[in-house]
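The values are calculated or read from the model by the stated rules, or taken from the named source; none is laboratory data. Given the structure is predicted, the values throughout are model-derived calculations rather than measurements. Cβ: placed from backbone, ideal geometry, glycine included. Neighbour counts: every protein chain shown.
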Amino acid sequence: MEQTMLEIDVDAAHRAHQQRMMILRVANILFYLVLVAAVAGFIYYVYSNLALINTYFIYLLQAAGLTIGLSAVSMILAVIFGFLGAMGRLSRFAPVRYLALLYVEVVRGTPILVQLLLWYYGVGYTLSNLGFDPYTVAFNALTPLQENSIVPLAFSAFFYGVIGLSFNYGAYLTEVFRTGIESVDRGQSEAALSLGINSRQTMRKIVLPQAIRITIPPFTNYFITLIQDSALLSVLGVTELEQTMGSFAYPLIDPNQKLFLFIFGALIYFAICYPLSLLARYFESRFARAY
Amino acid sequence: MNLAIQLLPQFLLGALNTVIYCVVSFPLALLIGLLLAVMRGSRIAWFRTPSKIFIEVMRGTPIITQIFLVYYGLGAVLANYNLSVYDNAWTAGIAVLALNYSAYEAEVFRAGFLSVEAGQTEAALSLGLNSGQSFRRIVLPQAIPLMIPPFVNDFIYMLKDSAIVSVISGTELTSVLDIYVFRFGSERLPLYVLAIVLYLILSLPTSYVARTFERRLRAAL
């Protein structure tokens, strides 16, 4: 009988496949050994520059705390800006809608660096010519409490830097809030209104709780990006982590020490942002499941 | 106002430099990102883990830290070996923009590959194509149209992030703005308005094109 079936030697193919899998497993185990050696090598590299770390670590840690504090304050202000923007985008009045649209489009279309420069060197300069200086205001406000020495000289830069960051992220959060609110099915608010609940209570008790499920996951991502963008405040002279790291690194003459300090600063940023990104991924998977 | 009109040619040159930075860095970022994405999906740990580490580190550190590290840190080390010719704002800026954005593009590629139905790969493999052929001929052509809107969005982000080279003395629109604000201190607000308008001219048409493309793509699906 003629065989029209393809003759495949199943056993030989199976054995060859098992051999390839074994080679792959051995190669992977070899890699993990090399990885452990590389991590040990990196720890040795950090350890060999211990003198440098001992000199600067406490200042870098203080600056990192300042960075996180700055970012937290900016995030809170950005939420306020974003909420106002979202309410403006969804307003009944066309001029308010167009103003909010202008805000979102202009702020999202220009670099954050230009916006920070505009806030400090543009708005700050103009306002200080008109007599308003955040440093003197804070200094005079704290004088009765006899705490005015804690106001740093660069306080104006802090002030306008935080406002600039919040203004920028407020535009992005406007879109997040708006999509969240619009994503709640219109039938919900229609049913609520037809049941006699007035429109403000509908928003507060029906729409917003459901909108929050869509809006929370991007938040941690924006907070991580905000911490990274707070490094831009170093351009305004604010002594946060990036500025402190740079000011320690520039005077160093030995290029290896200089490179090490930059790597160490980047490592601190990574140590702040990586756990937050793991948290963000957890939130995304947690909120992807409906109630 | 007259000052803004007088300085318009310099601002336009700065905007041209912005576009040059982005047009050179973005294709590099796409290529490196594709390589990273393919490495990340590999079964071989030698490719997968370094790619994962690279993507996490690039996304977890600010771009200004990375550019300082490359321009000043690596620059000092290069000067030690008499290779300073490679350490200028152009090479550092393009290298950092490309490497930083390649991490984000790798994530977009990965999402694109995952969005093609698994059934397509299964059918291709059961028809006798090996995994490389099924990737090149089945998965990739279907994934590319889905990935174009995120790529255009990332290009717009890069147009704005290219402002970062102004802190390492690169000649970009932001640095032109800086120079003239410093020189003409008392009439600075119109210069800021001019820079903002130029950035909007660069980014708004691109985002409009992206949104039209996205709408047509969603209608086609």
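The helices (runs of 4 or more DSSP H) falling completely within the range A:148-262 that include 3 or more residues that are at pLDDT 85 or above and touching a Cys at 6+ places or on another chain (Cβ under 9 Å) map to A:208-229. Got a number for residues in the range A:124-147 being assigned to a helix (DSSP H, G or I) and touching a Leu at 6+ places or on another chain (Cβ under 8 Å)? Of the residues in the range A:124-147, 2 are assigned to a helix (DSSP H, G or I) and touching a Leu at 6+ places or on another chain (Cβ under 8 Å). Please specify each residue of the range A:147-184 satisfying the condition of being without any contact (Cβ under 8 Å) to a residue 60 or more places away in the chain and closer than 18 Å to A:PRO111 by Cβ. Within the range A:147-184, just A:GLY164 meets the criteria. For a quick check of your reading of the model, give me the residue pairs whose first member lies in the range B:80-96 and is among the small types (Gly, Ala, Ser), whose second is part of a loop (DSSP other than H, G, I, E, B), with beta-carbon atoms closer than 9 Å and at least 6 apart or on different chains. If the second residue must be part of a loop (DSSP other than H, G, I, E, B), the pairs left are B:ALA89/B:SER169; B:ALA89/B:GLY170; B:ALA89/B:THR171; B:ALA89/B:GLU172; B:ALA92/B:GLY170; B:GLY93/B:GLY170; B:GLY93/B:GLU172.
Which one is nearest to A:SER247 (Cα to Cα), of the residues in the range A:211-236 that are β-branched (Val, Ile, Thr) and more than 10 Å from every other protein chain (Cβ to nearest Cβ)?
A:THR220
Looking at B:ALA118, B:ALA124, which one is at pLDDT 85 or above, more than 14 Å from chain A (Cβ to nearest Cβ) and over 22 Å from the mean Cα position of the chain (by Cα)? Walk me through it before giving the result.
Working: B:ALA118 fails: at pLDDT 85 or above.
Being at pLDDT 85 or above, more than 14 Å from chain A (Cβ to nearest Cβ) and over 22 Å from the mean Cα position of the chain (by Cα) holds for just one of B:ALA118, B:ALA124, which is B:ALA124.
Residues that are within 12 Å of chain B (Cβ to nearest Cβ) and over 26 Å from A:ILE224 (Cβ atoms) occur in the range A:103-122; there is at least one.
Scanning the range A:123-155 for residues that are away from every other protein chain (no Cβ under 14 Å) and out of contact with any Phe, Trp or Tyr (no Cβ under 6 Å at 6 or more places or on another chain) yields a count of 19.
Screening B:ARG188, B:ARG211 for residues that are crowded, with 18+ Cβ neighbours inside 10 Å and more than 18 Å from the chain's Cα centre (by Cα) leaves exactly one candidate, B:ARG188.
Given the structure, is B:PHE135 more than 14 Å from chain A (Cβ to nearest Cβ), aromatic (Phe, Trp, Tyr) and either at positive phi or buried (at least 20 other Cβ atoms within 10 Å of the Cβ) (or both)?
Values: more than 14 Å from chain A (Cβ to nearest Cβ): yes; aromatic (Phe, Trp, Tyr): yes; either at positive phi or buried (at least 20 other Cβ atoms within 10 Å of the Cβ) (or both): no.
So B:PHE135 does not fit the description; no.
Hey, any hits in the range A:177-193 for a residue that's away from chain B (no Cβ under 14 Å), within 30 Å of B:TYR104 (Cα to Cα), buried (at least 21 other Cβ atoms within 10 Å of the Cβ) and of a type in the set (Ser, Thr, Tyr)? No, the range A:177-193 contains no residue that is away from chain B (no Cβ under 14 Å), within 30 Å of B:TYR104 (Cα to Cα), buried (at least 21 other Cβ atoms within 10 Å of the Cβ) and of a type in the set (Ser, Thr, Tyr).
Residue count for the range A:258-275, restricted to those that are in contact (Cβ under 8 Å) with a residue 24 or more places away in the chain and either among the hydroxyl-bearing types (Ser, Thr, Tyr) or more than 9 Å from chain B (Cβ to nearest Cβ) (or both): 3.
Which residues, taken from the range A:61-100, are surrounded by fewer than 20 Cβ atoms within 10 Å (Cβ to Cβ), among the charged types (D, E, K, R) and either part of a helix (DSSP H, G or I) or under 19 Å from the mean Cα position of the chain (by Cα) (or both)? Listed by number, the list holds a single entry, A:ARG97. Quick one: would you say A:ALA51 is farther than 28 Å from B:PHE47 by Cα, touching a Leu at 6+ places or on another chain (Cβ under 6 Å) and part of a helix (DSSP H, G or I)? For A:ALA51, the condition - farther than 28 Å from B:PHE47 by Cα, touching a Leu at 6+ places or on another chain (Cβ under 6 Å) and part of a helix (DSSP H, G or I) - is not met.
One line per residue, one yes/no per condition, for (1) more than 24 Å from A:ALA231 (Cα to Cα); (2) more than 10 Å from chain A (Cβ to nearest Cβ); (3) basic (Lys, Arg):
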position	(1), (2), (3)
B:SER25	no, yes, no
B:ARG43	yes, no, yes
B:ARG59	no, no, yes
B:ALA95	no, yes, no
B:SER102	no, yes, no
B:ARG110	yes, yes, yes
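Would you check which residues across the range A:240-257 are more than 9 Å from chain B (Cβ to nearest Cβ) and under 17 Å from A:GLY164 (Cβ atoms) and list them? Matches in the range A:240-257: A:GLU240, A:GLN243.
Regarding B:SER175, is this residue exposed (fewer than 15 other Cβ atoms within 10 Å of the Cβ) and over 13 Å from B:CYS22 (Cα atoms)? Step through it out loud before you land on a result.
Working: exposed (fewer than 15 other Cβ atoms within 10 Å of the Cβ): no; over 13 Å from B:CYS22 (Cα atoms): yes.
No.
Looking across the range A:201-215, just one residue is surrounded by fewer than 16 Cβ atoms within 10 Å (Cβ to Cβ) and among the β-branched types (Val, Ile, Thr), and that is A:ILE212. Examine the range B:183-203 for a residue that is more than 14 Å from chain A (Cβ to nearest Cβ) and touching a helix residue (DSSP H, G or I) at 6+ places or on another chain (Cβ under 9 Å), and state whether such a residue exists. No, there is no match, as no residue in the range B:183-203 is more than 14 Å from chain A (Cβ to nearest Cβ) and touching a helix residue (DSSP H, G or I) at 6+ places or on another chain (Cβ under 9 Å). All of A:TYR32, A:TYR45 fail the test of being surrounded by 10 or more Cβ atoms within 10 Å (Cβ to Cβ), away from chain B (no Cβ under 12 Å), within 49 Å of the chain's Cα centre (by Cα) and not aliphatic (A, V, I, L, M), apart from A:TYR45.
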